[in-house]
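Asks: Have a look at the structure that comes next, please.
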Amino acid sequence: MDLSGELARTLLELSPDATVVVDAGGTVVFANAQVEQLFGYRAAEIVGLSVETLLPERFHKAHPKHRGRFAAQPKPRPMGAGLTLHGRHRDGREFPVEISLSPVTATIGPLVVAAVRDATVSRDNERHLIAENRAKSQFLAAASHDLRQPLQTLNLLNHTAQQHASTNAPLRGLLERQQLALDSMSALLASVLDISKLDAGAVESHPAVCPIDEIFARLRSDFEPQAVDKGIDLTIERCAEAALIDPELLRRLLGNLISNAIRYTVQGEVRILCMRNGAKLEIEVSDTGIGIPADQLERVFDEFYQVDSGAQRPEGLGLGLSIVRRLAQLLHVGIGIESVLGRGTKFRVTVDRAEAAHDADVEDVAAQAAQSGRVLIVDDERAVAEATSLLLELEGYDVSIASSENEALERASSQSPDLIVSDYQLRGGETGVRVVKAVRDRVRDVVPVIFVTGDTAKAAIMDAKIANATLLNKPVRADDLVAAVRERIATHRRAAAG
């Protein structure tokens with residue numbers, strides 16, 4: 001390319017970006033009219049000066065080295081990819097810029113064409129979006145807590161009412177239908193909040209070595225009742241492998257796949273299994289449902305997409321597989337799908353394998369589940385605390401309630417608890433983590449704790465590194481809470497005895 005050519009000059013002059021051409025020594029040999037608008041220098045003024053003239057002074061010393069590296073490997077590319085670059089106006093003010101570099105061979109030697117664009121607007125937009133996301137996250141944290149609280153109360157009270165109505169068949173049937181409605185409300189709320197939180201970056205992954213069988217056991221407990229009600233088989237095969245992954249997020253991902261499989265399976269079975277494949281594990285969720293047309297496979301992960309199930313109105317909002325896609329991206333796992341219309345669908349989740357810890361002396365926790373013990377409930381929502389207390393008292397536990405650190409210390413001083421069930425966010429700036437630490441210090445024992453809270457508090461609890469802790473997400477099913485209480489008390493007693 002010969003810059004003295006009229007065509008080359010015309011093309012550079014017509015560029016919408018401020019464009020300078022620099023020789024091997026860093027001297028500007030050409031500048032178009034846009035340079036004056038952006039930097040304040042007329043073309044005649046900047047030509048012949050060092051290109052560093054257009055940079056903030058603090059970069060003058062290092063920039064020649066960058067020019068040298070580009071000259072050693074010349075190819076078109078953005079300058080400082082991933083970095084915030086700045087230009088300097090003639091009046092001394094600095095502003096953010098985006099720069100594209102292109103090497104050119106000319107009769108006067110190697111040249112570099114630099115197209116410079118003012119990035120002030122895009123940077124402002126980026127900061128605005130970050131601020132909006134932060135505000136969105138704060139709203140979601142409040143919404144997650146406030147919306148889940150009444151559902152949590154209703155779930156616990158309805159389960160307690162079912163136990164009292166065991167001899168009244170009509171009333172029990174009514175309560176069971178009510179529980180289905182509550183489960184549906186919980187699932188819909190969870191889906192909407194999950195989508196929003198994942199998009200806002202409010203959910204973090206905390207990888208750990210986790211046995212796949214433990215995740216499968218939770219899934220079996222969660223979905224067996226749904227499968228039984230629908231008259232289909234739910235087969236979850238045992239697996240001795242372990243994965244390096246966030247166990248709760250993987251459980252939610254697989255739970256959405258299983259829920260979707262049950263929803264679209266009229267008869268037959270839903271099967272979950274895990275296979276080792278080198279350094280990876282492949283978890284399959286397959287069904288004998290209605291299947292997905294081949295031309296729609298790419299759309300199943302879109303928001304609000306639902307497979308046509310005929311005259312029957314689809315359940316839910318069509319967000320489950322969209323959540324699966326987002327969770328897969330967050331966890332860096334692979335998702336594959338195969339489907340035959342009218343015969344069923346198979347999803348395959350590929351995760352990193354980890355070495356599982358084996359202990360031949362470990363006994364089945366369920367067989368030694370503690371049926372009694374002292375439980376301290378810490379929650380500033382009285383309705384939730386009382387509903388939880390009613391549920392656990394019916395199960396045979398001695399329960400006390402506290403709404404603050406002082407009350408918790410008072411209850412613990414009179415009778416040391418075997419377990420603490422706590423919310424995370426309390427009034428007056430207190431947190432469940434702080435209360436648990438205070439109680440443990442008072443009784444001089446690492447009392448096990450179950451945090452029943454929204455997802456937005458998970459990261460804070462993980463960061464606090466609370467030992468001997470279990471996390472359950474609101475709204476939690478009554479059976480899951482009771483099972484967790486039994487398991488934690490039994491495990492703590494076994495450790496103390498051993």
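The values are calculated or read from the model by the stated rules, or taken from the named source; none is laboratory data. Because the structure is predicted, anything quoted here is derived from the model rather than measured. Quick reminder, even Gly has a Cβ in these numbers, built from the backbone with ideal geometry, and neighbours come from all protein chains shown. These area figures cover heavy atoms from the full protein model, side chains too; ligands, DNA and RNA do not enter into them. Shrake-Rupley method; radii C 1.70, N 1.55, O 1.52, S 1.80 Å.
Asks: In what sequence, largest accessible area first, do Asp423, Asp124, Asp295, Asp17 appear using a 1.4 Å probe?
Replies: Numbers: Asp423 0, Asp124 70, Asp295 125, Asp17 30 Å².
Descending accessible area places them as Asp295, Asp124, Asp17, Asp423.
Asks: Could you tell me the center-to-center distance, by alpha carbons, between the stretch 370-414 and the stretch 94-123 in angstrom?
Replies: Between the Cα centres of the stretch 370-414 and the stretch 94-123 lies a distance of 66 Å.
Asks: Run the numbers for Leu174 and Leu83: contour at 0.36 nm per residue of separation, minus the present Cα-Cα distance, in nm. Spell out each step's value before the answer.
Replies: Working: separation 91, 0.36 × 91 = 32.76 nm, distance 6.12 nm.
Computed gain between Leu174 and Leu83 is 26.6 nm.
Asks: Go ahead and run the numbers for FRET between Thr167 and Ala217, Cβ-Cβ distance against an R0 of 22 Å, rounding to 0.05.
Replies: 0.10
Asks: Express in Å², to the nearest 10, the accessible area of Lys230 obtained by rolling a 1.4 Å probe over the protein heavy atoms while all chains stay in place.
Replies: Accessible area, nearest 10 Å²: 70 Å².
Asks: Which value, in Å² and to the nearest 10, is the accessible area of His164 when all protein chains are kept and the probe is 1.4 Å?
Replies: 130 Å²
Asks: Let me ask you something else. Report the gain in length on full extension from Asp229 to His128: 0.36 nm times residue separation, minus Cα-Cα distance, nm rounded to one decimal.
Replies: 31.5 nm
Asks: Students often check this: by mean Cβ neighbours within 10 Å, which of 148-160, 250-262 ranks highest, and how do the rest follow?
Replies: 250-262, 148-160
Asks: Leaving ligands, DNA and RNA out of it, rank Ile99, Ile450 by accessible area with a 1.4 Å probe, largest first. Don't skip to the end; give the middle numbers.
Replies: Details: Ile99 25, Ile450 0 Å².
I get Ile99, Ile450, largest accessible area first.
Asks: If you don't mind, another one. Can you give the accessible area of Phe70 in Å² (nearest 10), computed on protein heavy atoms with a 1.4 Å probe?
Replies: Spelled out: Phe70, probe radius 1.4 Å, area about 10 Å².
Asks: Would you calculate the separation in nanometres between label points at Leu472 and Glu338, each defined as 7 Å from the Cα along the Cα-to-beta-carbon direction?
Replies: Each label point is offset 7 Å from its Cα along the Cβ direction, giving 3.8 nm.
Asks: Shifting gears a bit: Based on the Cβ-Cβ distance of Ala33 and Arg90, what FRET efficiency does E = 1/(1 + (r/R0)^6) give at R0 = 22 Å, to the nearest 0.05?
Replies: 0.90
Asks: Under the 0.36 nm per residue contour assumption, what length would be gained going from the current alpha-carbon distance of Ser413 and Lys75 to full extension?
Replies: Result for the pair: 114.5 nm of gain on full extension.
Asks: Hey, can you grab everything whose amide H is under 5 Å from the amide H of Met79? Only 5+ residues off in sequence or another chain; H modelled, so Pro and N-termini drop out.
Replies: It is Ile99, Ser100, Leu101, by chain and number.
Asks: Kindly write out, for the stretch 413-425 in residue order, the coupling ³J(HN,Hα) from the Karplus curve 6.51 cos²θ - 1.76 cosθ + 1.60 (θ = phi - 60°), rounded to whole Hz, with x marking Gly and Pro.
Replies: My calculation for the stretch 413-425 gives 5, 7, 7, 5, x, 7, 7, 10, 10, 10, 6, 8, 8 Hz in order.
Asks: Taking a ≥ b ≥ c as the square roots of the eigenvalues of the Cα gyration tensor of the stretch 57-115, is the shape rounded (a/c under 1.5), prolate (a/b larger than b/c) or oblate?
Replies: prolate
Asks: Quick one: check the C-alpha center-to-center distance for the stretch 38-82 versus the stretch 473-496, whole angstrom.
Replies: With the stretch 38-82 and the stretch 473-496 each reduced to a Cα centre, they are spaced 63 Å.
Asks: Tell me, what is the FRET efficiency for Lys280 and Leu330 to the nearest 0.05, using R0 = 25 angstrom and their Cβ-Cβ distance as r?
Replies: The value I calculate is 0.90.
Asks: To the nearest 20 debye, what charge dipole does the stretch 380-424 have about its Cα centre, counting +1 at the Cβ of each Lys and Arg and -1 at the Cβ of each Asp and Glu?
Replies: 60 debye
Asks: According to a simple spin-label model (label point 7 Å from Cα along Cα-to-Cβ), what is the distance in nm between Glu45 and Ala62?
Replies: That separation, rounded to one decimal, is 2.8 nm.
Asks: Determine the order of Met185, Met79 by accessible area, beginning with the largest, at a probe radius of 1.4 Å.
Replies: Met185, Met79
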